[in-house]
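The values are calculated or read from the model by the stated rules, or taken from the named source; none is laboratory data. These figures come from a predicted structure and were not determined experimentally. Neighbour counts are summed over all protein chains in view; Cβ atoms, including those assigned to glycine, are modelled from backbone coordinates with ideal geometry. Calculation scope for accessible area: heavy atoms of the full protein, side chains included, ligands and nucleic acids excluded. Shrake-Rupley method; radii C 1.70, N 1.55, O 1.52, S 1.80 Å.
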Amino acid sequence: METRSLSPKHADAPMVPIIGMGTSKTLDTDDLVLAGDVVSAALDAGTTLFDSSPMYGKAERTLGAVLESRRAGAVVATKVWTDDDVVAERQIAASLSFYGGHIELLQIHNMVRWPERLRRIEELRDAGQVTFVGATHWKAANFDELEAAMVTRRLDAIQIPYNPREREVEKRLLPLAAELGLGVLIMRPFAAADLMRNPPTAAELAPLEAFGIQTWSQALLQWGLSHPTTTVSIPATSKPSRATENANAGDAMPLDDEHRDLISRLAGA
Ligand SMILES: NC(=O)c1ccc[n+]([C@@H]2O[C@H](COP(=O)([O-])OP(=O)(O)OC[C@H]3O[C@@H](n4cnc5c(N)ncnc54)[C@H](OP(=O)(O)O)[C@@H]3O)[C@@H](O)[C@H]2O)c1
C-alpha cells in the first residue's frame, strides 16, 4: 500500500499507509472478538493508523484492548474532547493507559477549548508521551477556528471531512495545510454511510477498473486520497470483510481529474 508522511514538515515523521481506520460507533462495543476481527483484518491488509476519541464511548478502550501485541506496529491517533480542564486530564490519562503510555497523534477534538488543549498537548509532547499535535473539526461553519490554530504553526496534522459532497476544505484548509506542511487525515470518506445508500452499478464503476478500483467504497477512498495534500483516509466499519475491502483501496492508483469528476457525478454531487 502507498505510504505518506504523517506530518510533511518533519523530515523524520513516520510514513503511514494511506488507508487508516476510524472507530466512531463501530468500535463502541464490548464484543472484543468482533472488534478484534475488524482491527486484525485492517492490520493484515496493511492499515496501521487508527483514529479514536473519548467521544466514541467504549471505542478507545476497545481499540487498545484488541491492538494488544500489535500495538507497536500501529499509529494511534486519538483526541481530547471536553471544555472541562479536570475532565480533559482524565481523558488524557485514560487514553495513555489504553495505548501503553504513548500516543502518536493527540488531536483537539472539534476545537473544544483549543488554546488550552494545544498548550497541554505540547507539554505531553515535550514530556515524550505524545509524538504529534493535531486538531479536528467536522463542521464547515467552524473551519475558521481550525484555521486559526493552523496559522500558529504549532500543529503537525489536521483532520477534516472530505468526500464528493463535502468539499469546503478545498477552498482554504487544504491549500493552507500544503503551505504549512501538515498531515491531513480524511474523516467521513463515505459521509457517514450516506454515500453508501445507493451505490453505482458495476457497469458505472467499470471505467475505474483501470486504476485498480473494484468497488464503490474504494472509489470514494481514492477520490479523497487523489487530492495531493491528503495523507490518510480513516473509514470506519464494523465488518472485517469491509475493513479488507477498504484497505485494498490503498493499492489502487491515484485518479486523474476526469475520473474524480465521474465519481462526483456518481455520488450525486
Ligand atoms: N470531529 C471529528 O474529529 C470526527 C468527526 C467524524 C468522524 N471522525 C473520524 O472519522 C472516522 C470516519 O468517519 P465516520 O465513521 O463518521 O463515517 P464514514 O467512515 O464515512 O462511514 C462509516 C459508515 O460506512 C459504512 N461502511 C464502511 N465501509 C463500508 C464499505 N466498504 N461498504 C459499505 N459501507 C461501508 C459503515 O457501516 P458498517 O459498519 O456497517 O460497515 C459505517 O456506517 C470516524 O470513525 C472517526 O474516527 C472524526
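Brief remarks follow.
- A search for C-beta distances below 8 Å between a residue of region 227-248 that is farther than 20 Å from residue 53 by Cβ and any residue that is in a loop (DSSP other than H, G, I, E, B) and within 9 Å of the ligand (Cβ to nearest atom), counting only pairs 6+ apart in sequence or on different chains, returns 245/215.
- Note on region 21-34: among residues that are crowded, with 24+ Cβ neighbours inside 10 Å and not in a loop (DSSP other than H, G, I, E, B), the one that is nearest to the ligand (Cβ to nearest atom) is 22.
- Test result for residue 63, at pLDDT 95 or above and not in a helix (DSSP H, G or I): no
- Close pairs from region 249-265: first open to solvent by less than 30 Å² (accessible area, probe 1.4 Å), partner among the acidic types (Asp, Glu), Cβ under 7 Å, at least 6 apart: 250/2
- Members of region 37-54 found to be open to solvent by 10 Å² or more (accessible area, probe 1.4 Å) and within 15 Å of residue 98 (Cα to Cα), listed by number: 54
- Taking the numbered list (1) modelled with pLDDT of 95 or more; (2) at positive phi in turn, residue 78 passes all entries but (2).
- Hey, residue 47 closer than 22 Å to residue 184 by Cα and either part of a helix (DSSP H, G or I) or among the hydroxyl-bearing types (Ser, Thr, Tyr) (or both) or not: yes
- Matching residues, region 1-20, being aliphatic (A, V, I, L, M) and surrounded by 17 or more Cβ atoms within 10 Å (Cβ to Cβ): 6, 13, 16, 18, 19
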